[in-house]
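Visitor: Encoded as structure tokens, here's the structure I'll be asking about.
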Amino acid sequence: MKSALLALLLSCASVVPALAQEWAMDGRDPVGYFSDGRAMAGRGDIATMWKGHVWHFVSEENRARFEADPRRFAPAFNGYCPVNLADGRLVEGNPEIFAVIGQRLYLLRSDAARRRLMDQPTEVLSRARTAWADARK
């Protein structure tokens, strides 16, 4: 019995690293924000690895577009909320709450943060960029 259990565990060992990889943006298709203007769940069978995360897509076309220029589609500030950054806090954004400004995707923490960003994009993004640069030092 113990040898059967050990054999089963060893046969699954190659799967463990794949399961340990983090899904980028909770599995949302980053290209969809630009092409369809909405957060769309990607498919498990259409994915790619970039910067240690698994990125999912709704179509092979979207995956190819992402692979050609991933920085264009990946969220700014590594997905942290720019409004919280501007206020000096490092808080992850929610992939369901977003804004595309100047061909950049921003994930926001809340609807209130989205409204604030849309009301004051220049001020918020300027302060967020400064805070992001300081956080990365």
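The values are calculated or read from the model by the stated rules, or taken from the named source; none is laboratory data. Just so you know, these numbers come straight off a predicted model, no measurement behind them. Quick reminder, even Gly has a Cβ in these numbers, built from the backbone with ideal geometry, and neighbours come from all protein chains shown.
Visitor: Somewhere in region 89-108, is a residue basic (K, R), within 17 Å of W50 (Cβ to Cβ) and loosely packed, with under 15 Cβ neighbours inside 10 Å?
Guide: Taking every residue of region 89-108 in turn, none turns out to be basic (K, R), within 17 Å of W50 (Cβ to Cβ) and loosely packed, with under 15 Cβ neighbours inside 10 Å.
Visitor: Being more than 14 Å from the chain's Cα centre (by Cα), under 21 Å from M40 (Cα atoms) and among the small types (G, A, S) is the filter here; which residues of region 79-112 pass it?
Guide: Hits for region 79-112 are G102, S110.
Visitor: Still on this structure, I have one more. Going through region 80-104 one residue at a time, which ones are closer than 17 Å to G37 by Cβ and acidic (D, E)?
Guide: E96
Visitor: Select from region 68-78 the residues that are over 13 Å from Y33 (Cβ atoms) and hydrophobic (A, V, I, L, M, F, W, C) and write down the one among them that is nearest to the chain's Cα centre (by Cα). Give the steps one after another, and end with the answer.
Guide: Filtering region 68-78 for residues over 13 Å from Y33 (Cβ atoms) gives 68-71, 77-78.
The next check asks that each one be hydrophobic (A, V, I, L, M, F, W, C); those that pass are 68, 77.
Details: A68: 17, F77: 10 Å.
The qualifying residue nearest to the chain's Cα centre (by Cα) is F77.
Visitor: Got a sec? Which of A113, A131, A99 is more than 15 Å from D26 (Cα to Cα) and part of a strand (DSSP E or B)?
Guide: Working: A113 fails: part of a strand (DSSP E or B); A131 fails: part of a strand (DSSP E or B).
On inspection, the qualifying residue turns out to be A99.
Visitor: Which one of these is under 16 Å from R28 (Cα atoms), in contact with a Phe, Trp or Tyr (Cβ under 7 Å, 6 or more places away or on another chain), without any contact (Cβ under 8 Å) to a residue 40 or more places away in the chain and in the same structural domain as S35 (by TED's automatic domain parsing): A64, A47?
Guide: On inspection, the qualifying residue turns out to be A47.
Visitor: Of everything in region 46-57, what is of a type outside the set (A, V, I, L, M), in contact with a strand residue (DSSP E or B) (Cβ under 9 Å, 6 or more places away or on another chain) and in a strand (DSSP E or B)? Give them in sequence order.
Guide: If the condition is that a residue be of a type outside the set (A, V, I, L, M), in contact with a strand residue (DSSP E or B) (Cβ under 9 Å, 6 or more places away or on another chain) and in a strand (DSSP E or B), then T48, H53, W55, H56, F57 are the ones that fit.
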